[in-house]
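Peer 1: Just dropping this structure here.
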Amino acid sequence: FGFELQKILEYAARNSKGEDKDKIWKLYMKFSQKNAGRMVEELGKLGFALKNDKNLVDDLSRQSFRILEKTRHAQRSEVQYLITRIFAANKIEIPYLLSQVFNPSYSDELFKTFIYSFLGGVLSNKQNGGEEQ
């Protein structure tokens, strides 16, 4: 529900005018920052859920060092390009949650945390029960 409300607030902020725009934008920014902690957790789960697609995981693994290096330097457009290219090559739609990572309203530090959490889920060796293999 929180992410849906965030989408509605973003839409309202982008389409409002005058004094209302500033108020709604501030509310959206505050709400999106509060959602960030939950987003980190959900991105890790998303990455882990995508482990079922071996080709996607292999492609992400091969590009992981490039993605991590670009992320470390907060090069959002480069990271977005790499991830989009991998998903497109595997004919998989980019999940909405992952696309939100590139929203400029999030700080560079949050952006890095989001990407690291997602890649951590994809590249982890954990199996059922959380045991390392």
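The values are calculated or read from the model by the stated rules, or taken from the named source; none is laboratory data. The structure displayed is predicted, hence computed values, not measured ones. Note that we place each Cβ from the backbone using ideal geometry, even for glycine, and neighbour counts take in every protein chain shown. Please note that ligands, DNA and RNA were not included when accessible areas were found on the heavy atoms of the full protein model with its side chains. Shrake-Rupley method; radii C 1.70, N 1.55, O 1.52, S 1.80 Å.
Peer 1: At 222 nm, what helix-only mean residue ellipticity would the chain give, in deg cm²/dmol to the nearest 500, using -39500 (n - 2.57) for each DSSP H run of four or more? Please list the in-between numbers first.
Peer 2: Values: 6 runs with 100 residues, N = 133.
After summing the helix terms and dividing by residue count, I get -25000 deg cm²/dmol.
Peer 1: Where the only charges are on Cβ atoms (+1 Lys, Arg; -1 Asp, Glu), what is the dipole of the chain about its Cα centre, to the nearest 20 debye?
Peer 2: Numbers: 21 positive and 17 negative charges, 50 e Å.
Here the chain has a charge dipole of around 240 debye.
Peer 1: Evaluate the charge dipole of the stretch 17-65 about its Cα centre and quote only its size in Debye, nearest 20, assuming +1 on the Cβ of each Lys and Arg and -1 on the Cβ of each Asp and Glu.
Peer 2: On the way: 11 positive and 8 negative charges, 42 e Å.
Computed about the Cα centre, the dipole is about 200 debye.
Peer 1: Carbon and sulfur: what percent of the stretch 29-81's accessible surface (1.4 Å probe)? Intermediate values should be presented prior to the final figure.
Peer 2: On the way: 1700 of 3250 Å².
Whole-percent figure for carbon plus sulfur exposure: 52.
Peer 1: Treating each Cα of the stretch 67-130 as an identical point scatterer and ignoring solvent, apply the Debye formula and state log10 I(q)/I(0) at q = 0.29 Å⁻¹.
Peer 2: Taking Cα atoms of the stretch 67-130 as identical point scatterers yields -1.35.
Peer 1: If all Cα-Cα distances of the chain are sorted into 10 Å bins from 0 onward, what percent lands in each bin, rounded to whole numbers?
Peer 2: 12, 39, 31, 14, 3, 0
Peer 1: With a bin width of 10 angstrom, please list the P(r) values of the stretch 34-103 as percents of all Cα-Cα pairs, from the 0 bin to the one holding the largest distance.
Peer 2: 19, 55, 26, 1
Peer 1: Turning to a different aspect of this structure: Take the Cα coordinates of the stretch 1-71, assign each an equal point scatterer, and use the Debye formula without solvent to give log10 I(q)/I(0) at q = 0.24, 0.26, 0.27 Å⁻¹.
Peer 2: Log10 of I(q)/I(0), two decimals: -0.98, -1.05, -1.09.
Peer 1: Hey, can you find the accessible area per residue of the chain for me, probe 1.4 Å, expressed in square angstrom?
Peer 2: On the way: 8190 Å² over 133 residues.
I get 62 Å² per residue for this part.
Peer 1: Build a GNM of the chain with springs between Cα atoms under 10 Å: which of Phe102, Phe31, Phe111 gets the top mean-square fluctuation?
Peer 2: Phe31
Peer 1: Same structure again: With labels modelled as points extended 7 Å from the Cα through the Cβ direction, what inter-label distance (nm, one decimal) is found for Glu109 paired with Phe31?
Peer 2: Between Glu109 and Phe31, the label points sit 2.5 nm apart.
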